[in-house]
Amino acid sequence: MEERRIPFDEIRIFARTIARRVEDKENITHVIGLARGGLIPATIMSYALDKPLLCYGIKSYEGSKKTENFHINQSINLKELKEKNNKLHVLVVDDICDTGDTMVHVTNQLALGSIPYTTACICTKEKFTHWLDHYGCVVSDNKWIVFPWE
């Protein structure tokens, strides 16, 4: 599979642009970064929005191989989060929407907890542009994206 490297400067521009778009449309109370890849863009967006950053550690890959199951190593107590914030609306951030599975899993958990959310990824494969609320760039389905933190 062909690789495309995304430089950090582009990531910063995409993250700040997404934050500006979100700020204009949504009343975000928290940013949730999907660890590991989503933490850096989520941190940038958290600073830009001046909102607390939460970490949700979820893994569906071993290296470049997709696994069948998710491994969650850091969860968020959604019930407690909702009880403490009566107007809760979270921004869920990942680096890439490659298969869509991770974002679907996390947003399903939020929906089960009746927590409003907005989704954002730095990059997305072409087939997920209709599903994400915000994204920085679209890449072809046959490209493997390499981020600076990998």
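Give the residue, chosen from Ala120, Ala111, that is touching a Leu at 6+ places or on another chain (Cβ under 7 Å) and modelled with pLDDT of 90 or more.
Details: Ala111 fails: touching a Leu at 6+ places or on another chain (Cβ under 7 Å).
Selected residue: Ala120, the only one of Ala120, Ala111 that is touching a Leu at 6+ places or on another chain (Cβ under 7 Å) and modelled with pLDDT of 90 or more.
Return the residue satisfying two criteria in turn: it lies in segment 98-108 and is over 19 Å from Glu3 (Cβ atoms) and crowded, with 17+ Cβ neighbours inside 10 Å, and of such residues it is modelled with the lowest pLDDT.
Of all residues in segment 98-108, those over 19 Å from Glu3 (Cβ atoms) come to 100-108.
From the residues that got through so far, the ones that are crowded, with 17+ Cβ neighbours inside 10 Å too are 102-103, 106-107.
Numbers: Thr102: 88, Met103: 91, Val106: 93, Thr107: 94.
Top of the filtered list is Thr102.
Could you name every one of the helices (runs of 4 or more DSSP H) located completely within segment 1-92 that has at least 3 residues being open to solvent by less than 20 Å² (accessible area, probe 1.4 Å)?
Filter on segment 1-92 gives 8-25, 39-49.
Please work out which residue is least open to solvent (accessible area, probe 1.4 Å), limiting yourself to segment 109-150 and to residues that are assigned to a helix (DSSP H, G or I) and within 17 Å of Ala35 (Cα to Cα). Quick ask: steps written out before the conclusion?
Taking segment 109-150 first, the residues assigned to a helix (DSSP H, G or I) are 109-112, 126-128.
Add one more test, that the residue is within 17 Å of Ala35 (Cα to Cα), and what stays is 109-110.
Details: Gln109: 71, Leu110: 4 Å².
Among them, the one singled out is Leu110.
The values are calculated or read from the model by the stated rules, or taken from the named source; none is laboratory data. The model shown is predicted, which means the values in this text are computed figures rather than measured ones. Neighbour counts run over all protein chains shown; Cβ positions are idealised from the backbone, glycine included. Protein only, heavy atoms only, side chains kept; ligands, DNA and RNA dropped before computing areas. Shrake-Rupley method; radii C 1.70, N 1.55, O 1.52, S 1.80 Å.
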